[in-house]
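Colleague: Sending over a structure as structure tokens; questions will come in a sec.
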Number of protein chains: 2
Amino acid sequence: MLTVFGSTALDTIRTPSKVLKDVLGGAATFAGIAASFFVDTGLIAVVGSDFPKKYHNILSKRLDLQGLVVKNGKTFRYDGRYDNTLSTRKTLKTELNVLADFTPVVPESYRKSKYVYLANNDPDQNVAMIREFDRVKFSMCDTIEYWISTKRSSVIKMIRGVNAVVINDEEAKLLTKEYNLIRCARKIMGWGTDYVIIKKGEHGSLLFFEDVIFPSPAFSLETILDPTGAGDSFAGAMIGYLASLNNTALSAIKKAVVYGNVVGSFAVEKYGLDGLLALTKSKIEKRIKHYEKMIQL
Amino acid sequence: MLTVFGSTALDTIRTPSKVLKDVLGGAATFAGIAASFFVDTGLIAVVGSDFPKKYHNILSKRLDLQGLVVKNGKTFRYDGRYDNTLSTRKTLKTELNVLADFTPVVPESYRKSKYVYLANNDPDQNVAMIREFDRVKFSMCDTIEYWISTKRSSVIKMIRGVNAVVINDEEAKLLTKEYNLIRCARKIMGWGTDYVIIKKGEHGSLLFFEDVIFPSPAFSLETILDPTGAGDSFAGAMIGYLASLNNTALSAIKKAVVYGNVVGSFAVEKYGLDGLLALTKSKIEKRIKHYEKMIQL
């Protein structure tokens, strides 16, 4: 079993072609649903009493929700606008609401999870949470600019406590104060994690382990509608695939990165969560075959 | 035999760690020397009477110089400065000098070249030159922002007349007025060329042919000293490798792109031309093996 801890949000996403208002989003939503194609996945998150029933139904169909807390108050809201090229997003508003003073608890039934994904949460919360599991085999975390800027030493402490860090290229540079991605990864591994996966958006990803570097190009897409959640979907699919194999050898992790790339490519083809919601395991496997053919010399 | 037509220059390159003054450079210098590891390569270029003997010796050891014209006047000079991250270069000065009114001529002995590389020259000159060869099997051109901005219709006409276009990502977007690289490539292929290779610097390259997309990650390097000439080295190694096989099947072109990536990676590891000058065929083959292992799942 896999546990995913992160945010569940109501997102307002302004793309050049469409504006989505208060749609289901959040790092844990994307990561959890992406993982659910591979393995039973439990969610630890909080929503407010305004959280729509239809969104609750979407989550409950795919995820174990024993760890989903419904609190009095408003759900976490995010509002952002993409530029015309869809390459940068400007945050217009973040309302933490019920997320502000949420103390996550690991339900008894999740404690046996061997795979744990800690999304871009407060690093101190991530550190505390990982200790609540009985026998973690593989833990992975993400982080974002906000925590790097405000709690860098906690981020480094968090990194020491996980097996893998998945992070985007700009944030890896910010965190390590290096320009070169190999140097970034070496520094992060030096803080005590075994694997570093640097996400490069349309350029794919780089996996680092000891002296191994595994570059994985993105699955090339002609039409991208909404990049929201691509990185979270990548991470969720990656750890979900590993959990389904119950194997954390390097060869499995390389393959998991490819699954991450492919599931991420589905996420950006449609608006909001629609790409993942329209997905099936067989569509994933078909694109994996396509991907393997694409990169073949 | 391969013919390379392009600029030979005296470059002033300002990197964060070192300033090089009036060193041997130019698109045809990098492309020609990169190609010379694979096949006999003839150069068509012009230099001034101030062109140092030592640079002439470097070229003559590696290239056929029947097409190198020495004119009264000063050699083409370029002066540019990289930012701290080595990711952008600002042009400080361009002195065309003898390049300004150079009319290139194809030496009799080059006319039988089956492989022709037209570097980022005036597109009208490239169009005229390709007609002077008797039986071209594979021609490839590059272009740059300057020609796209000033002679876009000539660039498109040039593209119609070659088998392949190699171009960097930003210039592909500028030329096609598209953001998505697949759309860029489709548009360029629509103008009448068979293959499009989009260079993405540290992110590698994308090869396009009909419905095939072949992404090739860059060979990851921890130390990059000077990116000058990387793209030209990529193109030269690519077409040099193809010429050495005398094969232009898609499978050969994919392999050629990998050679381009690998030779480009040597170019950026040292300052100016030093990376290529220190290179041997066996070092290339060793890194090709390393590369193939690196990308293997």
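Coordinate-derived values only; no laboratory data. The shown structure was predicted, so the numbers you read here are calculated from the model rather than taken from an experiment. Counting neighbours? That spans all protein chains shown, and the Cβs are built from the backbone with ideal geometry, glycine included.
Colleague: Tell me the net charge near A:PRO107. Cut-off is 15 Å between Cβ atoms, A:PRO107 excluded, with +1 for each Lys or Arg and -1 for each Asp or Glu.
Modeller: The answer is -3.
Colleague: So, one more: Report the charge-dipole magnitude of the protein assembly as shown in Debye, nearest 20, computed about the Cα centre from +1 at each Lys and Arg Cβ and -1 at each Asp and Glu Cβ.
Modeller: 440
Colleague: Let me ask another. What residue in chain A has the Cβ closest to the axis turning A into B, and how close is it in whole Å?
Modeller: A:HIS203, 2
Colleague: Counting alpha carbon pairs within less than 8 Å and at least 6 residues apart, what relative contact order, in whole percent, applies to the stretch B:148-297?
Modeller: Dividing the mean separation by the residue count of the stretch B:148-297 yields 17 percent.
Colleague: Just tell me how shielded A:206-214 is by partners: mean number of partner chain Cβ atoms within 10 Å of each residue's Cβ, no decimals.
Modeller: Mean shielding count: 2.
Colleague: Packing-wise, with mean Cβ within 10 Å as the measure, how do B:174-182, A:77-85, B:161-169 rank, highest first?
Modeller: Ranked by mean Cβ neighbours within 10 Å, highest first: B:161-169, B:174-182, A:77-85.
Colleague: Which Cα, out of A:THR280, A:LEU245, A:PHE214, lies furthest along the positive dipole direction of the stretch A:159-287 (beta carbon charges, K/R +1, D/E -1)?
Modeller: Final value for the positive-end residue is A:LEU245.
Colleague: Where in chain A are the helices, taken as whole DSSP H runs, whose Cα atoms extend 15 angstrom or more along the long axis and whose Kyte-Doolittle mean reaches at least -0.5?
Modeller: Both cut-offs are met by A:230-245, A:250-269.
Colleague: Right, next: Based on the mean of other Cβ atoms within 10 Å per residue, sort peptides A:224-231, A:206-213 so the most packed one is first.
Modeller: Highest mean packing first, the order is A:224-231, A:206-213.
Colleague: Still on this structure, please answer the following. If you take each beta carbon of peptide A:174-183 and count the beta carbons of other chains within 10 angstrom, what is the mean?
Modeller: For peptide A:174-183, the averaged partner shielding equals 3.
Colleague: Something else: With charges only on Cβ, +1 for K and R and -1 for D and E, what is the dipole size of chain A about its Cα centre, in debye, rounded to 20?
Modeller: With only Lys, Arg, Asp and Glu charged at Cβ, the dipole is about 240 debye.
Colleague: Something else about it: Lys/Arg Cβ at +1, Asp/Glu Cβ at -1, dipole of the protein assembly as shown taken about the Cα centre: which of A:SER139, B:CYS141, B:THR223 is farthest positive-ward?
Modeller: A:SER139
Colleague: Counting only DSSP beta bridges with both residues in the protein assembly as shown, tell me the antiparallel percent, nearest 5.
Modeller: 40
Colleague: Which three semi-axes in whole Å describe the equivalent ellipsoid of the protein assembly as shown, each the square root of 5 times a Cα gyration tensor eigenvalue, listed largest first?
Modeller: After diagonalising the Cα gyration tensor, the semi-axes are 50, 23, 21 Å.
Colleague: OK, next. Just counting partner chain Cβ atoms within 10 Å, what average do the residues of peptide B:217-226 show around their Cβ?
Modeller: 4
Colleague: Just add up the charged neighbours of B:TRP147: K/R +1, D/E -1, any other residue whose Cβ is under 13 Å from the Cβ of B:TRP147.
Modeller: Local net charge: -2.
Colleague: Net charge near A:VAL98, counting Lys/Arg +1 and Asp/Glu -1 over other residues with Cβ under 14 Å of its Cβ?
Modeller: Local charge sum for A:VAL98: 0.
Colleague: Give A:LYS293/B:LYS255; B:LYS18/B:LYS93; B:LYS114/B:LYS173; A:LYS200/B:LYS199; B:LYS61/B:LYS286 a once-over and call out the pairs whose C-alpha atoms are over 20 Å from each other.
Modeller: Checking Cα-Cα distances, B:LYS114/B:LYS173; B:LYS61/B:LYS286 exceed 20 Å.
Colleague: Given the DSSP H assignment, sum -39500 (n - 2.57) over each helix run of at least 4 residues in chain B and divide by its residue total; what's the result at 222 nm in deg cm²/dmol, nearest 500?
Modeller: -11500 deg cm²/dmol
Colleague: Quote the convex hull volume per residue of chain A, based on C-alpha atoms, as a whole number of Å³.
Modeller: Residue-normalised Cα hull volume stands at 123 Å³.
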